[in-house]
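Here's the structure we're looking at; comments come further down.
The values are calculated or read from the model by the stated rules, or taken from the named source; none is laboratory data. Please read all numbers here as calculations on a predicted model, not as lab measurements. Heads up, the Cβs are rebuilt from the backbone with ideal geometry, glycines too, and the neighbour counts pull from every protein chain shown. Calculation scope for accessible area: heavy atoms of the full protein, side chains included, ligands and nucleic acids excluded. Shrake-Rupley method; radii C 1.70, N 1.55, O 1.52, S 1.80 Å.
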Amino acid sequence: MFILESSDNNPNSDDGCFLLPLGPTEGDISSSEATTGFQNSLDKRTRKWPLLPFVCRTKLKTRFKVFEDVICDPSIKVVTYNAALSYLPIHFKHLLEPDDESPFLPSSIFDIKVASSLLNTETSSADESEHEFEAICRRILRERKNDLKEDDVNEYNTLRYADRLDQLQSTKLKLQRMMAVYDGLLKSIILSKQQYIFFAIEMPLTNVLSKMEATGVPFLPSRLTEMERQLNLRLKDSAAFAKKYAQNNGFNIASPQQVSDLLYLKLGIKAVGGSTAKKTHGSTSSAVLNELKNVHPVVQAILDFREANKLITTYLRPLALHACEDPLQMSTSAQSVQKRIYPTWNQSNAATGRLSCRKPNIQTLPKGTHFNLCIKDAFCSSSSETCLLSMDYAQQEIRILAHFCKDEKLIGVFQNDDRNQGVDIYERMASLLLGKNVRTVSKSERATAKQILIASIYGMSHAQIAKKLNITQENAKGLMSKFFSDFPSVRQYIDSQIHFAKKNGFVATISGRRRYLHDISSDDFQKRSAAERQAVNTSIQGSAADIMKWSMNKLEERLQHITKHARQKEGPSANETKQNTVNQKPRLIMQIHDEVLFEVQARGEAIEALKSILVDIFGVAATKHFNLAVPLILTTKVGMSYGNNMKECE
């Protein structure tokens, strides 16, 4: 719900307080507009919304127009909770009626949920309930209790238990509480010097994420059905193979106890550590079984069973449950089985500032193929007339590390990017670390250099590096020592970040986002070590998130400008041409850490135009805006699905 600040700046004033219903009210269902495509589709999306118990004589479409005018007016200050959710109906309306779509760039918005998450990074990922409306009000109003009447606070605490009509009658009190919360949060943002990250990056992003959520991701459940059929065959074969060695038709391959008995008692396999488990339950964890998979063929069968079962239960079935009808099929040739998935995107759940998503979490989709199957293949273009285009930053976090540490040698690696000559950054790093010609660097040596760079960012231990590279801890220690010897400014930067965190209690990203680290001076070694790793990782990963968010905002502005310019050029009579223009506009449908995915017209000029815009904004403009010491480089791929068949653009 949005609040228009009163003209006298007094939250207790009766002036300037309005209720604008954007959900279904009494009388809407029987109105003439109920037969339109927008209303029918909106009914499907809002069928669980409570019917507001009063009659509103103004048409829903008109109410939406007023809503857009209000929140796009820079002279009006608007306060809300969860702006991305509030924008959803508007974006869904624009998607369903593209001929009526106009530039939508909200101005002067203050989202108390995002503000709370920004100011309380310690709880943002651990306990999201701390950023629910009631929790924020309790916390902020407790701090400002001297400004409030005790009766008002008690009345607010009982609001959750009122029925729908009582909630409407108490709207004024809720708005007063929200204005009080707004005032407290705004002061905290100013005191912590986070105005830029909040107003210039996070607030515009709420609109971008809302639009992305309304658009959804095109999806073909039939492809997952076929994958599940093949994986079920794998489950059956693996179970039968294990039963043969167990010599027991009742053997349950999914039982850790029975698997342990089979491996360590019946087959006599030596457990990790050299002894045979005879009386105790030997470990059957994936880590242990991977060490034993070359000892006996049944171990691989057990691993295959678990992997296939995980793919089915974690990805295939949950994804299918989230599939919805696709109202945005871009041509009549689109298959009737085409669906869409509408994940919920969260810009403030991760302490580093990274975007996350849920219901479902499509950011954790497995990379590559498993049993010659690629789950990402189920995410595809809406029709044969469109395709998917992905943009991925190349070594973004390593480049940010080079920018922060100012190591001339590391900066030189990126300024002399030889990718056009078939040499990449990690090959150059390997040649420097190993003292050999870059053309003679092997794949394993490249992998080693990459792992060392990643280890420096994430603060990995020598044991972790050794395990990743399958080398001894002594060799891992030697590689890290060589790296810090060759790039001394990296070590100095890491030490300086930890020192800053201990002195100030927080670290900051390139845009001023803060992460408070209360354990940075803890007497507990494990807690202190974790906080030290977070101090380094947050400044780099968080800065990468800032750059991504800033670029997404600028891209939305550019696309809105293109749409507005096209409309002005075509004139008021070219309705059909306008609709085609809007339908052909690229749509952002997914964001995964350092990658964004679009659906675009499958025409060479459309693909090239989008690629040019992405290079300009995500690469050139972002490098210039953040004054980076090394350039940001992009990789773009295109394909009909998001799987392994995507080809890199020339």
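Data table
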quantity: Subset of region 209-231 (residues that are among the β-branched types (V, I, T) and open to solvent by 10 Å² or more (accessible area, probe 1.4 Å)); calculated: T225
quantity: Any hit, region 140-155, residues being closer than 29 Å to I197 by Cβ and at pLDDT 75 or above; calculated: yes
quantity: Unmet criterion (only one of (1) open to solvent by 50 Å² or more (accessible area, probe 1.4 Å); (2) within 29 Å of A287 (Cβ to Cβ)) for N437; calculated: (2)
quantity: Number of positions in region 212-232 that are under 30 Å from I90 (Cα atoms) and part of a helix (DSSP H, G or I); calculated: 5
quantity: Which numbered condition I510 misses (of (1) modelled with pLDDT of 95 or more; (2) farther than 30 Å from E605 by Cβ; (3) open to solvent by less than 40 Å² (accessible area, probe 1.4 Å); (4) among the aliphatic types (A, V, I, L, M)); calculated: (3)
quantity: Residue list for region 608-630, restricted to those being farther than 20 Å from A544 by Cα and not in a helix (DSSP H, G or I); calculated: none
quantity: Residues of region 513-538 that turn out to be open to solvent by 50 Å² or more (accessible area, probe 1.4 Å), outside any loop (DSSP other than H, G, I, E, B) and either touching a Phe, Trp or Tyr at 6+ places or on another chain (Cβ under 6 Å) or of a type in the set (G, A, S) (or both), as a count; calculated: 1
quantity: Conditions (1) farther than 30 Å from E97 by Cβ; (2) at pLDDT 95 or above: number failed by K549; calculated: (1)
quantity: Residue among A351, A323 that alone is over 14 Å from L220 (Cα atoms) and touching a strand residue (DSSP E or B) at 6+ places or on another chain (Cβ under 6 Å); calculated: A351
quantity: The one condition in (1) open to solvent by 20 Å² or more (accessible area, probe 1.4 Å); (2) modelled with pLDDT of 90 or more; (3) of a type in the set (G, A, S) that S283 fails to fulfil; calculated: (2)
quantity: Residue satisfying all of: in region 397-416; under 25 Å from S612 (Cβ atoms) and open to solvent by less than 10 Å² (accessible area, probe 1.4 Å); farthest from the chain's Cα centre (by Cα) among these; calculated: F414
quantity: Any hit, region 539-546, residues being in contact (Cβ under 8 Å) with a residue 24 or more places away in the chain, surrounded by 18 or more Cβ atoms within 10 Å (Cβ to Cβ) and not in a helix (DSSP H, G or I); calculated: no
quantity: Test set (1) out of contact with any strand residue (DSSP E or B) (no Cβ under 6 Å at 6 or more places or on another chain); (2) surrounded by fewer than 18 Cβ atoms within 10 Å (Cβ to Cβ); (3) in contact (Cβ under 8 Å) with a residue 24 or more places away in the chain; (4) not basic (K, R) - N372 fails condition number; calculated: (3)
quantity: Test result for E605, part of a loop (DSSP other than H, G, I, E, B), at pLDDT below 95 and over 29 Å from K406 (Cα atoms); calculated: no
quantity: Unique match (being under 29 Å from the mean Cα position of the chain (by Cα) and not hydroxyl-bearing (S, T, Y)) among Q473, Q534; calculated: Q534
quantity: Test for F626: is it closer than 12 Å to M391 by Cα, aromatic (F, W, Y) and modelled with pLDDT of 95 or more; calculated: no
quantity: Residues being at pLDDT 90 or above, part of a strand (DSSP E or B) and open to solvent by 10 Å² or more (accessible area, probe 1.4 Å) - total across region 312-345; calculated: 2
quantity: Scan of region 477-500 for residues that are free of Cβ contacts under 8 Å to residues at least 12 places away in the same chain and over 18 Å from H403 (Cα atoms), ordered by number; calculated: G478, S481, S485, H499
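Rundown of residues vs (1) charged (D, E, K, R); (2) modelled with pLDDT of 90 or more; (3) part of a helix (DSSP H, G or I); (4) within 30 Å of S381 (Cα to Cα), yes/no style:
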{"site": "L168", "(1), (2), (3), (4)": "no, no, yes, no"}
{"site": "Q176", "(1), (2), (3), (4)": "no, no, yes, no"}
{"site": "K187", "(1), (2), (3), (4)": "yes, yes, yes, no"}
{"site": "Y196", "(1), (2), (3), (4)": "no, yes, yes, no"}
{"site": "R234", "(1), (2), (3), (4)": "yes, yes, yes, yes"}
{"site": "A240", "(1), (2), (3), (4)": "no, yes, yes, no"}
{"site": "N252", "(1), (2), (3), (4)": "no, yes, no, no"}
{"site": "Q257", "(1), (2), (3), (4)": "no, yes, yes, no"}
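Residues are listed down the side, and each one gets a yes or a no for (1) at pLDDT 85 or above; (2) under 21 Å from the mean Cα position of the chain (by Cα); (3) within 22 Å of Q347 (Cβ to Cβ); (4) basic (K, R):
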residue	(1), (2), (3), (4)
V70	no, no, no, no
N82	yes, yes, yes, no
F92	no, yes, yes, no
L96	no, no, no, no
P103	no, no, yes, no
